[in-house]
Number of protein chains: 2
Amino acid sequence: MFPAISADKEQELIESLNHYCLANSIIIYPPNFQNYQPVNAPVTLFPTPISRGAFKQGEEVQTIFNELYARIVLEEEWLVKIIEELAGFDRDFTGKLYETYLKAKEIGIVQPLGLGIFRSDYMVNKTDNQIKQIEFNTVSVSFGGLSTKVGQLHKFLNDAGYYSNESKLFYKDEDLVVSDSIVKLAQGLYDGNFYYNKGTDNKKTIILVIVQENERNVFDQRLLEFELISKYGIKSKRVTMSDIHTKTFKKDNILYLKESNEEISVVYFRSGYSPNDFKSDKDWENRLFLETSYAIKAPNLLTQLSGAKKIQQILTNETILKEFLKDDEKISKLTKTFVKIYPLDGSELGKQAIRYAFEQPDKFVLKPQREGGGNNIYKSDIPNFLNSLPKDEWNGYILMELIYPEIVHNKIIRNDQVFNEPIISELGIFGTILFDSSTKQIITNNLSGSLLRSKFETSNEGGVAAGFGCVDSVVLC
Amino acid sequence: MFPAISADKEQELIESLNHYCLANSIIIYPPNFQNYQPVNAPVTLFPTPISRGAFKQGEEVQTIFNELYARIVLEEEWLVKIIEELAGFDRDFTGKLYETYLKAKEIGIVQPLGLGIFRSDYMVNKTDNQIKQIEFNTVSVSFGGLSTKVGQLHKFLNDAGYYSNESKLFYKDEDLVVSDSIVKLAQGLYDGNFYYNKGTDNKKTIILVIVQENERNVFDQRLLEFELISKYGIKSKRVTMSDIHTKTFKKDNILYLKESNEEISVVYFRSGYSPNDFKSDKDWENRLFLETSYAIKAPNLLTQLSGAKKIQQILTNETILKEFLKDDEKISKLTKTFVKIYPLDGSELGKQAIRYAFEQPDKFVLKPQREGGGNNIYKSDIPNFLNSLPKDEWNGYILMELIYPEIVHNKIIRNDQVFNEPIISELGIFGTILFDSSTKQIITNNLSGSLLRSKFETSNEGGVAAGFGCVDSVVLC
């Protein structure tokens, strides 16, 4: 499953891995960085085996998931009703997003086109090798850039003989997955630009990338920007949420960059997915300013809100799924990727869930509405946590069956250190979709590459930037 | 000549330059580095204008220079006579190289093929826009990797609108030179592998790269290695001079890598060009061990020695040139690139040179045989320096007319700092040539891209790694 190589060879392998990473943008800024000094992004030494069937399954369902979430957004009334309730449980963020959406509606939402740049995350269930969905991400999905590069890294190390004491190939080339996410995600943004311009190839309109200040994962983003300019001749401009009112303006709802008077076709959010990204009321005003512009938002507020955990839970109900996807085969493919997810409300199902949470907590993870790692409650921590909350707040959480993935013995390289601990992996599949709320039509719908992230089996959270996990690549088995 | 941009725009430009550099291997290790943490290589903010005619002139003469130096090496007796004398003036290095060559002759030099990977360096004379040769490098020529990338950097910054307040193109795309040196130098190594294998495309033989310990400019080298494996499927192995006897062995003169028993087709030296690269007698034995192997050396000892300053001086004599190149047109093209270079010996020319050195030193630079920056004596320092030497050592130096290049106001970026001082630039043209000493035939002869390095006008030396200069690119004017 993994190469057995001598200590000497491993040292040479690690040196070559470092060189390749640094020379090929597999880098990240360390905390408190200087602009000119990055470090290697944490990566695995070897690609991690994922069953061919599971990987294919993930690829197959992606355009169905893209469609499902687009349909939900197009079914505005239904979605808004759920979000409205949810807003009460997470006033600081879901609530603010929803409020901003309501204000935008009042002012007028002028752009009917919506662009989804999505990533569906799975673990592979070890008993049956089926993928099980962890979450569906609808905003600021990351690592599409680094993923391609790490696939190339592992391919290089294999080709160059570093995975074998005798300098031979260890993996078959066709088993190594090199994600085409750089190409495909850039193409998604290109599609946005193309349809903003009524189906013409306009290189004068630009992409506005909303970024966090002091972003450490900037190279992952830049890889898409480099692809956009080199392949399509489309420029991009990076601004923070708080710079929007000083750096852009609107005229007849059309969004422009002040410094150059360039028209903005797509606003691509790599920020705005957490309350920390809004430091003041002005930032929320800026978000509203963008939402009511004619630029296509990737994503718009409703699309972002459709990624709520609560929605994910509701969609495990097949009857509801059928309202959005008419095709039984599609529905069956999706439901195979679902684990049980329960509400913690007054319904029969909710009551059952509350019993589970207290009686068999070891089978579950409790997830709040809030995005991002670090907020989940695992297993035996669940009862005490729930008891510490007022009961009327329980409905802000969902209870999700744990997935049991294969535990493997890959190695993680971080800052030249080799960590040799059992790891588990999370497979992400990217997708892009462009849809029109005026005609309720889907215009483009694409599978856009993959991502494998791995983390120590002992760590419950897997954020790569936070230092708990790393970027990996898939070797099919 | 250079874009005039606002302070805001310049800040954005520098941030984008940093990001692009770091994501595209325009990096170098800082002193006392950690393997996982490089810094931006110093680069210019803008490409530097070079006259189209001068650039073309450099390209045109490269294959002629390649041929000239190959012919010199093939004219072994002639070359050896000069080197023998020279060896006396630089016993520690030229002397040791020569001694090693003599030992190799005694043991037997079995590989008739020689591979030259050369770089001819020029400045453009400002009065007539003609290139004037500074030196011809026959060993361990560097920056072919970074040069391609810096050309791409400046093209990216132009394409993406960073060179204009209005986000417009500042340069015409066709004026920006992106050196194809990565592709072409790797092709030179490929050619070596191909002809080692009697004109067959053997991917099983490998390239041995002789490197310095703690090389800071490793990414420049790795870019060629990555190209070799990805384009040709040819592996390379990095070893230091002192590791050769533990990591390689010979059988019937054929050189093999111990760990994998792989046959080595080409030994590519990115070390061994200075006495510091030989730390012990064992290192010299290792150099001899390689020279007497069947692998093609890039370069072999005679080829390396042909790069002596003394040879460069001798070749300014047209009568001697004619012995190596029969074609008057070729000779005329070369001589146009020469400045006056004088010996400091007992000849009539030498006596004249000694008068110049003391009477008009401001027109000259005094160069010792020794390679590498930092050893040259400039202008008014020359008389005192010569007086401090025994007269019989003067012949170890050459006296070279200074070249007066255009001084321009580009900016140099190093570690996020902007240096805004007058700079001068040095144009390097790469070439590769494969020749056969048994048939005296030249097998391949190619122009292999270009390099522009710039330095503060006030600094006499221009080593990029040493921190005095930086990698630039050419915009034709």
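The values are calculated or read from the model by the stated rules, or taken from the named source; none is laboratory data. What you are looking at is a predicted structure, and each value in this text was computed from that prediction instead of being measured. Neighbour counts run over all protein chains shown; Cβ positions are idealised from the backbone, glycine included. Calculation scope for accessible area: heavy atoms of the full protein, side chains included, ligands and nucleic acids excluded. Shrake-Rupley method; radii C 1.70, N 1.55, O 1.52, S 1.80 Å.
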Legend entry - Residue list for the stretch B:154-170, restricted to those being more than 9 Å from chain A (Cβ to nearest Cβ), out of contact with any strand residue (DSSP E or B) (no Cβ under 8 Å at 6 or more places or on another chain) and within 15 Å of residue B:21 (Cα to Cα): B:157, B:162
Inset, instruction - Give A:333, A:367 a once-over and let me know the one that is basic (Lys, Arg) and modelled with pLDDT of 95 or more. - result: A:333
Inset, instruction - Could you please let me know if residue A:17 is touching a Leu at 6+ places or on another chain (Cβ under 8 Å), buried (at least 23 other Cβ atoms within 10 Å of the Cβ) and either in contact (Cβ under 8 Å) with a residue 40 or more places away in the chain or over 30 Å from residue B:224 (Cβ atoms) (or both)? - result: yes
Inset, instruction - Considering every residue within the stretch B:262-280, establish whether at least one is in contact (Cβ under 8 Å) with a residue 24 or more places away in the chain and assigned to a helix (DSSP H, G or I). - result: yes
Legend entry - Residue under evaluation residue B:19, criteria (1) within 14 Å of chain A (Cβ to nearest Cβ); (2) within 20 Å of the chain's Cα centre (by Cα), criterion not met: (2)
Inset, instruction - Mind listing whichever residues of the stretch A:371-417 are free of Cβ contacts under 8 Å to residues at least 40 places away in the same chain, surrounded by 18 or more Cβ atoms within 10 Å (Cβ to Cβ) and under 25 Å from the mean Cα position of the chain (by Cα)? - result: A:377
Inset, instruction - Give me a count of the residues in the stretch A:125-138 that are open to solvent by 20 Å² or more (accessible area, probe 1.4 Å) and either within 28 Å of residue A:218 (Cβ to Cβ) or in contact with a helix residue (DSSP H, G or I) (Cβ under 6 Å, 6 or more places away or on another chain) (or both). - result: 3
Inset, instruction - Return yes or no: is residue A:207 in contact with a strand residue (DSSP E or B) (Cβ under 8 Å, 6 or more places away or on another chain), in contact (Cβ under 8 Å) with a residue 60 or more places away in the chain, crowded, with 23+ Cβ neighbours inside 10 Å and closer than 22 Å to residue A:253 by Cβ? - result: yes
Inset, instruction - Give the residue, chosen from A:68, A:79, A:146, that is closer than 29 Å to residue A:218 by Cβ and touching a residue at least 60 places away in the same chain (Cβ under 8 Å). - result: A:146
Legend entry - Count of the stretch A:224-234 residues which are buried (at least 23 other Cβ atoms within 10 Å of the Cβ) and either among the small types (Gly, Ala, Ser) or touching a Leu at 6+ places or on another chain (Cβ under 8 Å) (or both): 3
Inset, instruction - Can you tell me which residue among B:351, B:336 is open to solvent by 20 Å² or more (accessible area, probe 1.4 Å) and more than 25 Å from residue B:137 (Cβ to Cβ)? - result: B:351
Legend entry - Count of residues meeting criterion [touching an Asp or Glu at 6+ places or on another chain (Cβ under 9 Å), closer than 26 Å to residue B:427 by Cβ and of a type in the set (S, T, N, Q)] in the stretch B:17-50: 5
Legend entry - Yes/no for residue A:149 being surrounded by fewer than 24 Cβ atoms within 10 Å (Cβ to Cβ) and of a type in the set (Lys, Arg): no
Legend entry - From A:463, A:428, A:449, A:469, residue being buried (at least 20 other Cβ atoms within 10 Å of the Cβ) and at pLDDT below 90: A:469
Inset, instruction - Considering each residue of the stretch A:22-49, count those that are facing chain B (nearest Cβ under 8 Å) and not in a loop (DSSP other than H, G, I, E, B), and give that number. - result: 5
Legend entry - Looking only at the stretch A:226-255, and only at residues there that are of a type in the set (Phe, Trp, Tyr) and either more than 26 Å from residue A:138 (Cβ to Cβ) or in contact (Cβ under 8 Å) with a residue 40 or more places away in the chain (or both), the one that is farthest from the other protein chains (Cβ to nearest Cβ): A:249
Legend entry - Candidates A:265, A:306, filtered to the one that is more than 26 Å from residue A:81 (Cα to Cα) and among the hydroxyl-bearing types (Ser, Thr, Tyr): A:265
Inset, instruction - Could you run through the stretch A:171-201 and say how many residues are farther than 30 Å from residue A:263 by Cα and either among the basic types (Lys, Arg) or away from chain B (no Cβ under 14 Å) (or both)? - result: 6
Legend entry - Any hit, the stretch A:66-74, residues being surrounded by fewer than 22 Cβ atoms within 10 Å (Cβ to Cβ), within 23 Å of the chain's Cα centre (by Cα) and either among the basic types (Lys, Arg) or modelled with pLDDT under 95 (or both): yes
Legend entry - Counted residues, the stretch A:418-442 - those being assigned to a strand (DSSP E or B), without any contact (Cβ under 8 Å) to a residue 40 or more places away in the chain and more than 14 Å from every other protein chain (Cβ to nearest Cβ): 1
Legend entry - Subset of the stretch A:236-251 (residues that are surrounded by fewer than 17 Cβ atoms within 10 Å (Cβ to Cβ) and in contact with a Phe, Trp or Tyr (Cβ under 8 Å, 6 or more places away or on another chain)): A:245, A:249, A:250
Legend entry - Matching entry among A:258, A:279 (being open to solvent by 30 Å² or more (accessible area, probe 1.4 Å) and over 24 Å from residue A:142 (Cβ atoms)): A:258
Inset, instruction - Kindly establish whether residue B:305 is surrounded by 21 or more Cβ atoms within 10 Å (Cβ to Cβ), among the aliphatic types (A, V, I, L, M) and in contact (Cβ under 8 Å) with a residue 24 or more places away in the chain. - result: yes
Inset, instruction - Within the stretch B:134-153, identify whether any single residue is within 10 Å of another protein chain (Cβ to nearest Cβ), over 26 Å from residue B:307 (Cα atoms) and not polar (S, T, N, Q), and answer yes or no. - result: yes
Inset, instruction - Report yes if residue A:11 is out of contact with any helix residue (DSSP H, G or I) (no Cβ under 8 Å at 6 or more places or on another chain) and within 30 Å of residue B:218 (Cβ to Cβ), otherwise no. - result: yes
